[in-house]
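Data first, discussion second: the structure below is written as structure tokens.
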2 protein chains.
Amino acid sequence: MHAFVTGGAGFIGSNLCDRLLAAGHRVTCYDNFSTGFRQFIDGSLAHPSFTLVEGDLLDMSRLTEAMAGADIVFHLAANADVRFGTEHPRRDLEQNTIATFNVLEAMRANGVKRIGFSSTGSIYGEHKVFPTSEDASFPIQTSLYGASKLAGEGMIAAYCEGFGFQAWIFRFVSVLGERYTHGHVFDFYKKLLADPTTLPVLGNGRQRKSYMYVQDCVDAMLLAVDKAADKVNVLNLGQDGYVEVNDSIGWITAHLGLEPRLVYAGGERGWIGDSPFIFLDTTRIRDLGWRPKLTIRDGIVRTLQWLRENQWVLESRQ
Amino acid sequence: MHAFVTGGAGFIGSNLCDRLLAAGHRVTCYDNFSTGFRQFIDGSLAHPSFTLVEGDLLDMSRLTEAMAGADIVFHLAANADVRFGTEHPRRDLEQNTIATFNVLEAMRANGVKRIGFSSTGSIYGEHKVFPTSEDASFPIQTSLYGASKLAGEGMIAAYCEGFGFQAWIFRFVSVLGERYTHGHVFDFYKKLLADPTTLPVLGNGRQRKSYMYVQDCVDAMLLAVDKAADKVNVLNLGQDGYVEVNDSIGWITAHLGLEPRLVYAGGERGWIGDSPFIFLDTTRIRDLGWRPKLTIRDGIVRTLQWLRENQWVLESRQ
């Protein structure tokens with residue numbers, strides 16, 4: 001199989017590329033290095049079945065040319081910054097919605113008909129039903145990021161109906177692990193390095209979130225593409241549980257041997273559009289045989305270990 | 001109130017403009033006349049409270065300037081062609097998704113925070129539950145048009161959360177009545193004028209659809225904006241019933257005094273992405289006090305009468 005991975009130099013993308021290569025597949029990584037890192041694909045670059053194309057998804061001709069010969073597209077490139085969406089609304093439109101349209105059009109031009117897509121649990125907005133299942137009631141969007149992923153899902157499904165595509169739409173909880181470069185563990189660790197005595201916390205620390213270890217996430221994606229055979233396969237990917245931000249802070253500070261004073265910004269939400277509770281029903285992917293290997297706590301600790309060993313990433317990210 | 005109506009020279013838009021003017025409001029109509037008609041706003045142009053701005057929603061600076069001073073936006077401009085979506089996928093992206101983003105950004109630039117939006121019952125795809133309610137289970141899109149309206153809804157809701165907007169999202173069934181310029185009554189009438197002996201029918205004629213008379217539709221929109229007070233108000237607008245395409249054909253041919261031979265293309269769907277059954281739960285808008293004045297049958301006949309009196313519209317539409 002020849003897989004075309006957008007955002008292949010990013011966090012999840014580079015881990016997916018590694019796994020695809022290890023499984024004997026050919027991989028073309030398409031990345032503009034806006035948030036991806038060359039360091040993440042250093043190993044893959046030496047592999048004979050790996051091709052890197054540095055390009056932007058808004059560059060339609062480059063994208064179309066690079067995709068030639070692919071059997072499947074994993075479209076993971078995105079503006080994944082949920083929190084600052086309202087500071088630059090055009091970014092979600094361009095890098096997520098329009099970029100996804102371009103991927104679909106490039107697929108059509110190349111006769112590629114299978115797509116895996118990184119959507120998000122944020123698409124459920126502030127749902128009232130937990131755990132939230134894939135066919136939960138029609139949600140109201142609360143973030144520009146979620147809205148842009150909703151737009152992507154909709155177009156992908158319409159291409160399945162209109163052009164005979166087949167899709168695997170993955171609604172992720174927050175993913176962590178090796179090569180993790182943004183999110184609360186990243187932020188807390190960076191802040192604690194700068195000042196180990198005080199930790200500012202967004203919201204009241206009671207936000208309940210679910211996390212998933214990146215290798216578990218990649219396991220699930222590969223399994224789904226192999227086993228889920230509908231035209232449009234929508235799958236929640238996440239742990240069968242959740243933790244409070246305060247739990248996570250406890251594990252992080254214990255691991256670092258710190259006892260900082262916690263300064264809460266207050267409020268139920270960390271930022272505008274933050275969902276105070278994310279907990280997805282993962283029955284569908286579990287029914288395909290998937291089981292996560294790491295607990296949320298172990299995933300957080302593993303992430304912290306990786307950040308400690310790769311401090312360059314802290315400095316290269318604003 | 002000063003209302004800014006995109007697509008104000010179109011079918012629903014021009015009827016809405018007339019009603020807003022009659023109610024004493026000021027109206028700015030923004031239209032690029034790609035599918036709107038000057039004839040539809042001839043009356044309004046003479047009204048002192050009416051301003052026409054000829055412009056495209058992709059022209060951000062013109063749009064932003066034209067919107068200055070508005071209190072509310074009714075965003076009705078769209079590529080409303082569901083059937084031929086797969087022939088030009090970029091059209092739904094640009095004229096619906098990106099155009100809606102531009103409207104939201106123009107609102108933000110002008111401090112306008114209230115928006116009424118013409119979404120669609122097609123957003124439910126091929127739902128399994130009838131009548132389909134606003135909080136039906138998360139649907140799978142089956143048309144590029146539905147997907148683009150889903151994208152619009154998502155962005156609008158995210159702007160409500162992120163920027164304090166308030167929205168009324170209207171999921172219409174097919175609307176008909178005076179100034180109707182596309183859809184099955186239009187197509188059937190045009191075909192029967194060309195050949196009164198034979199009528200080609202898309203699909204098997206058993207598709208079940210719901211229709212609403214344009215004045216009932218405008219009634220509902222104005223009522224909702226007045227009475228529905230949530231941050232994001234999603235409202236199905238439609239008749240409390242449905243008819244078969246064959247019923248409609250019977251009323252049309254009887255009204256015209258014709259007995260054509262019906263030639264069915266066959267199949268459950270009229271075209272790729274066609275929903276064989278559309279029937280929306282309208283409890284929400286009815287609970288606000290709305291009642292339709294015309295039955296589906298009367299709406300179809302009224303439409304046919306208008307088309308007979310305005311045959312110029314048949315020739316000016318491909």
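The values are calculated or read from the model by the stated rules, or taken from the named source; none is laboratory data. This one's a predicted model, so the numbers in the text were calculated from it and none came from an experiment. FYI the Cβ positions are ideal-geometry reconstructions off the backbone, even for glycines, and counts take in every protein chain you see.
Test of understanding: among B:I249, B:I296, which residue is touching a Ser or Thr at 6+ places or on another chain (Cβ under 8 Å) and of a type in the set (V, I, T)?
Numbers: B:I249 fails: touching a Ser or Thr at 6+ places or on another chain (Cβ under 8 Å).
Only one candidate passes the filter, namely B:I296.
Yes/no per residue for (1) within 22 Å of A:I12 (Cα to Cα); (2) part of a loop (DSSP other than H, G, I, E, B); (3) more than 14 Å from every other protein chain (Cβ to nearest Cβ); (4) over 19 Å from the mean Cα position of the chain (by Cα):
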position	(1), (2), (3), (4)
A:A224	yes, no, yes, no
A:L235	yes, no, no, no
A:Q239	yes, yes, yes, no
A:T253	no, no, yes, yes
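So that you can scan it fast, the table gives a plain yes or no per residue for (1) acidic (D, E); (2) within 20 Å of the chain's Cα centre (by Cα); (3) assigned to a helix (DSSP H, G or I); (4) within 27 Å of B:H88 (Cβ to Cβ):
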{"residue": "A:G69", "(1), (2), (3), (4)": "no, no, no, yes"}
{"residue": "A:Q95", "(1), (2), (3), (4)": "no, yes, yes, yes"}
{"residue": "A:S119", "(1), (2), (3), (4)": "no, yes, no, yes"}
{"residue": "A:E126", "(1), (2), (3), (4)": "yes, yes, no, no"}
{"residue": "A:S148", "(1), (2), (3), (4)": "no, yes, yes, yes"}
{"residue": "A:A158", "(1), (2), (3), (4)": "no, no, yes, yes"}
{"residue": "A:E161", "(1), (2), (3), (4)": "yes, no, yes, yes"}
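For every residue, the table says whether it meets (1) assigned to a loop (DSSP other than H, G, I, E, B); (2) more than 11 Å from chain B (Cβ to nearest Cβ); (3) touching a His at 6+ places or on another chain (Cβ under 6 Å).
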position: A:M107; (1), (2), (3): no, yes, no
position: A:D135; (1), (2), (3): yes, no, no
position: A:P139; (1), (2), (3): yes, no, yes
position: A:Y145; (1), (2), (3): no, no, no
position: A:G152; (1), (2), (3): no, no, no
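For the range B:154-166, give me each residue that is within 7 Å of chain A (Cβ to nearest Cβ) and in contact (Cβ under 8 Å) with a residue 60 or more places away in the chain.
Selection gives B:A157, B:E161.
Sort through B:L58, B:L76 and tell me the only one that's in the same structural domain as B:G8 (by TED's automatic domain parsing), touching a helix residue (DSSP H, G or I) at 6+ places or on another chain (Cβ under 8 Å) and surrounded by 24 or more Cβ atoms within 10 Å (Cβ to Cβ).
Selected residue: B:L76, the only one of B:L58, B:L76 that is in the same structural domain as B:G8 (by TED's automatic domain parsing), touching a helix residue (DSSP H, G or I) at 6+ places or on another chain (Cβ under 8 Å) and surrounded by 24 or more Cβ atoms within 10 Å (Cβ to Cβ).
Could you check A:S275 against (1) in contact with a Lys or Arg (Cβ under 6 Å, 6 or more places away or on another chain); (2) within 14 Å of chain B (Cβ to nearest Cβ); (3) among the hydroxyl-bearing types (S, T, Y) and say which number it fails?
Status for A:S275: all satisfied but (1).
Can B:Q215 be described as polar (S, T, N, Q), touching a residue at least 12 places away in the same chain (Cβ under 8 Å), farther than 29 Å from B:T86 by Cβ and within 14 Å of chain A (Cβ to nearest Cβ)?
Here the answer is no, as B:Q215 does not meet what is asked.
Yes or no: the range A:21-35 includes at least one residue that is in contact (Cβ under 8 Å) with a residue 60 or more places away in the chain, buried (at least 24 other Cβ atoms within 10 Å of the Cβ), in the same structural domain as A:T97 (by TED's automatic domain parsing) and of a type in the set (V, I, T).
Within the range A:21-35, none of the residues are in contact (Cβ under 8 Å) with a residue 60 or more places away in the chain, buried (at least 24 other Cβ atoms within 10 Å of the Cβ), in the same structural domain as A:T97 (by TED's automatic domain parsing) and of a type in the set (V, I, T).
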